[in-house]
Amino acid sequence: MLTTIIPETLRPVAHLLTAHCQPLLQWASDFILNQLVEKNRDHPLVQLKTLLDFSELEQACADYHQLNGGPGRPIEHTVPRLLRTLFLRYWFDTSLRRTEDRLRFDMLARWFAGYRLHQAVPDHTTLHNFERYLDENHHALFFNAVLSQIDAALDDGHDKLQLADTFALRACAALESLIQRLRHSSYQLLCAWQKHDPVAYAAVYAQLDDAALFGRKTEKREFFLAQEEWRERLRVTVQAVEALTVQLPNEIERSPEMNQRLAQLTKIIQDELAIGRDADCRIQAIAYLSEKKRGRFRVCSATDPEATIRNHGPGKKDFGYNISVAATPDFIRAIQADTGSTSDVAPIPSLLTAQAERGDALPEKLLYDQIAGHGKTAHEVAQASDNRTQLIAYPMPPKKSKTLPPEAFTLSPDGHWLTCPNGWASSRRYRAGSGDGWSFRFIAAQCHACPFLKQCRDSEETPTTHRTVFISDYRGGYDRLVAYSQTDEFKQEMKLRPQIERIIAGLVLHCGARYARFRGTTKVDFQVKMNAMIYNVKHWLVRLDEIAGRRRRPTRRRWEAPTPSWTLPMG
């Protein structure tokens, strides 16, 4: 290529120019980039070039090229360069194509990744393959490696106190109506079948009612249909779906993708519909199930079946994933993605388990909002941390009841006796059907002439039946939450709660954690861990500037204390 751009007048010395062009290009590239770096010492990428250590990641990914291209494949883009390029992708919060463009035209980004000015940069396909490899083989390594470097340099008090909360990550898919979901899922099933067994697929597809299954191009849009017309279209679609499923091969002969798509179709129908049939099992009527009977983790889009609705009250419904975060006031210590319908408190033990598996010292206290103020949650936190972590949350108020609630009765320390407000004790107990508590029984004779008869039984008449009181196995954990919430220490610690909202705002607004770039819980979990890693790196630079006196820590009047005690970088 070099000989083609040499002018005609210099052709006699072309062999000399060709021999010396490559070293000259390397020298020119190094000279220009070094001048650029010298004039931009305060740029974050220049600081990170020496601050971040990628050696642990490079060693873990050393086998990447052998796994993906074989030992004889020329390695144009080494693992160290790919790692730094992927870091830039999340640092700038760009797509793979935009990352490729940035490396082409941004000299500082090219220098950070390790490419000279005349070298070719990786395209988006190469970056996608490496990102997929990292997700499948080293899911949390980037997040853990950077956090371990931060811990070696700074002490953020993560073994003392942590904050936790959740936020919504919107799915990379659009909500679909029920008919659209059935049709889209059927199309996915047929595509999987065609890929697995084209001959059998072609024989069956010729017998299917294509118009009933997928509709006609000229049919009315759903929102123009009257209610009866819509019900009839739904009935025809469900009937066509059933006609398709009965012609599928048996489970052994189906591919894993076919089984997955079939289970998806079956779940959509079971979670949403009540179907009336005649004596010959033909569909006669279809109706929506009541809200209580409908599935909680309903498939809302065939594009991303794992994304569900995150319902946090009127006007706070998001289609996507529920992201749980545990952090100190400065750094994120654990982050996890779950499908949207997952309750906020379910992932709390997993946040502690992830830290323990990483080898971190678990916090003495974990602050959460009132939704975690249940005895069961406090018990799960203690169990996950081997009784090293105490849950701090406002206790949930008891459920309203016409009669005296279980909280009005006193349980003995050994849990074998329950005493009523009138002083009567009962040891008659039976394991509750739910399996998470005991039902204590007070006989009618004990309640005779009781001054609390009206409050306890909602009647002033002489009782003729026993009174049953359910005591949860987690009563002790709830009582500890209530007792601790009355202390001055609790009130001071709760002043730190707003800081988790600041961390979540940083993740969402500045680190790309508002919209999912992937589909599926596992891939979304990889994304949010990378987003959290970027948040930690950015905050690390801020803290180093504060220590060096280049930046002043802002005073937040609502939560001034306690202030983390910083230590200087080690070594």
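The values are calculated or read from the model by the stated rules, or taken from the named source; none is laboratory data. Computed from a prediction, not measured in an experiment: that's the story for all the values here. Methodologically, a virtual Cβ is constructed for each residue, glycine included, from the backbone with ideal geometry; neighbour enumeration extends over all protein chains shown.
Results for (1) modelled with pLDDT of 90 or more; (2) in the same structural domain as LYS317 (by TED's automatic domain parsing), shown as yes or no for each residue.
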{"position": "ALA337", "(1), (2)": "yes, yes"}
{"position": "ASP369", "(1), (2)": "yes, yes"}
{"position": "GLU380", "(1), (2)": "yes, yes"}
{"position": "ARG388", "(1), (2)": "yes, yes"}
{"position": "LYS399", "(1), (2)": "no, no"}
{"position": "TRP417", "(1), (2)": "yes, no"}
{"position": "TRP424", "(1), (2)": "yes, no"}
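If you go through region 456-470 one residue at a time, do you hit one that is in contact with a helix residue (DSSP H, G or I) (Cβ under 8 Å, 6 or more places away or on another chain), part of a loop (DSSP other than H, G, I, E, B) and under 30 Å from PHE490 (Cα atoms)? The answer is no; no qualifying residue exists.
A quick yes/no check of all residues on (1) touching a residue at least 24 places away in the same chain (Cβ under 8 Å); (2) surrounded by fewer than 20 Cβ atoms within 10 Å (Cβ to Cβ); (3) of a type in the set (Gly, Ala, Ser):
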| position | (1), (2), (3) |
| --- | --- |
| ALA346 | no, yes, yes |
| SER350 | yes, yes, yes |
| GLN355 | yes, no, no |
| GLY359 | no, yes, yes |
| PRO363 | yes, no, no |
| HIS374 | yes, no, no |
| ALA378 | yes, no, yes |
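Name every residue in region 459-501 that is surrounded by fewer than 12 Cβ atoms within 10 Å (Cβ to Cβ) and either closer than 18 Å to VAL381 by Cα or within 31 Å of the chain's Cα centre (by Cα) (or both), in order of residue number. Hits for region 459-501 are ALA483, LYS491.
Among residues of region 529-549 that are in the same structural domain as ARG41 (by TED's automatic domain parsing), none has a beta-carbon under 7 Å from a residue that is surrounded by fewer than 22 Cβ atoms within 10 Å (Cβ to Cβ) and among the hydroxyl-bearing types (Ser, Thr, Tyr) at least six positions away or on a different chain.
crowded, with 18+ Cβ neighbours inside 10 Å, touching a Lys or Arg at 6+ places or on another chain (Cβ under 8 Å) and closer than 23 Å to HIS139 by Cβ: does that describe ALA516? For ALA516, the condition - crowded, with 18+ Cβ neighbours inside 10 Å, touching a Lys or Arg at 6+ places or on another chain (Cβ under 8 Å) and closer than 23 Å to HIS139 by Cβ - is met.
Scanning region 415-439 for residues that are among the aromatic types (Phe, Trp, Tyr) and assigned to a loop (DSSP other than H, G, I, E, B) gives TRP417, TRP424. The C-beta contact set for region 471-487 (first residue modelled with pLDDT under 90, second residue of a type in the set (Asp, Glu), distance under 6 angstrom, 6+ apart or interchain) comprises ASP473/ASP436.
Among the residues here, ALA192 qualifies as out of contact with any strand residue (DSSP E or B) (no Cβ under 9 Å at 6 or more places or on another chain) and either over 30 Å from PRO347 (Cβ atoms) or hydrophobic (A, V, I, L, M, F, W, C) (or both). Is at least one residue of region 427-449 under 19 Å from LYS399 (Cβ atoms), touching a residue at least 40 places away in the same chain (Cβ under 8 Å) and out of contact with any helix residue (DSSP H, G or I) (no Cβ under 8 Å at 6 or more places or on another chain)? Checking region 427-449: not a single residue is under 19 Å from LYS399 (Cβ atoms), touching a residue at least 40 places away in the same chain (Cβ under 8 Å) and out of contact with any helix residue (DSSP H, G or I) (no Cβ under 8 Å at 6 or more places or on another chain). Residue-level analysis places ILE348 among those that are β-branched (Val, Ile, Thr) and within 26 Å of ILE150 (Cα to Cα). Taken together, the residues in region 256-294 that are among the aliphatic types (A, V, I, L, M) and more than 17 Å from THR245 (Cβ to Cβ) amount to 5.
The set of residues in region 380-406 being surrounded by 15 or more Cβ atoms within 10 Å (Cβ to Cβ), over 24 Å from the mean Cα position of the chain (by Cα) and either in a helix (DSSP H, G or I) or among the charged types (D, E, K, R) (or both) consists of ARG388, PRO406. Being in contact (Cβ under 8 Å) with a residue 24 or more places away in the chain, over 24 Å from the mean Cα position of the chain (by Cα) and over 30 Å from PHE331 (Cα atoms) is a condition met by at least one residue of region 170-177. Counting the residues of region 321-341 that are under 21 Å from PRO395 (Cα atoms) and either among the β-branched types (Val, Ile, Thr) or outside any strand (DSSP E or B) (or both) gives 1. Applying the condition of being in contact (Cβ under 8 Å) with a residue 24 or more places away in the chain and exposed (fewer than 13 other Cβ atoms within 10 Å of the Cβ) to region 183-226 and asking which residue is nearest to the chain's Cα centre (by Cα) yields LYS195. Tallying residues that are of a type in the set (Val, Ile, Thr) and within 24 Å of LYS538 (Cβ to Cβ) within region 29-44 yields 1. From the list ALA145, ALA120, which one is under 27 Å from LEU48 (Cβ atoms) and either in contact with an Asp or Glu (Cβ under 6 Å, 6 or more places away or on another chain) or assigned by TED's automatic domain parsing to the domain that holds PRO329 (or both)? Result: ALA145 is the single residue among ALA145, ALA120 that is under 27 Å from LEU48 (Cβ atoms) and either in contact with an Asp or Glu (Cβ under 6 Å, 6 or more places away or on another chain) or assigned by TED's automatic domain parsing to the domain that holds PRO329 (or both). Condition first: in contact (Cβ under 8 Å) with a residue 12 or more places away in the chain, in contact with a helix residue (DSSP H, G or I) (Cβ under 8 Å, 6 or more places away or on another chain), part of a helix (DSSP H, G or I) and assigned by TED's automatic domain parsing to the domain that holds GLN207. Can you find one or more residues in region 270-292 that meet it? Within region 270-292, one or more residues are in contact (Cβ under 8 Å) with a residue 12 or more places away in the chain, in contact with a helix residue (DSSP H, G or I) (Cβ under 8 Å, 6 or more places away or on another chain), part of a helix (DSSP H, G or I) and assigned by TED's automatic domain parsing to the domain that holds GLN207. Just need a number here: residues in region 478-531 that are in a loop (DSSP other than H, G, I, E, B), within 20 Å of PRO329 (Cβ to Cβ) and of a type outside the set (D, E, K, R). The total comes to 3.
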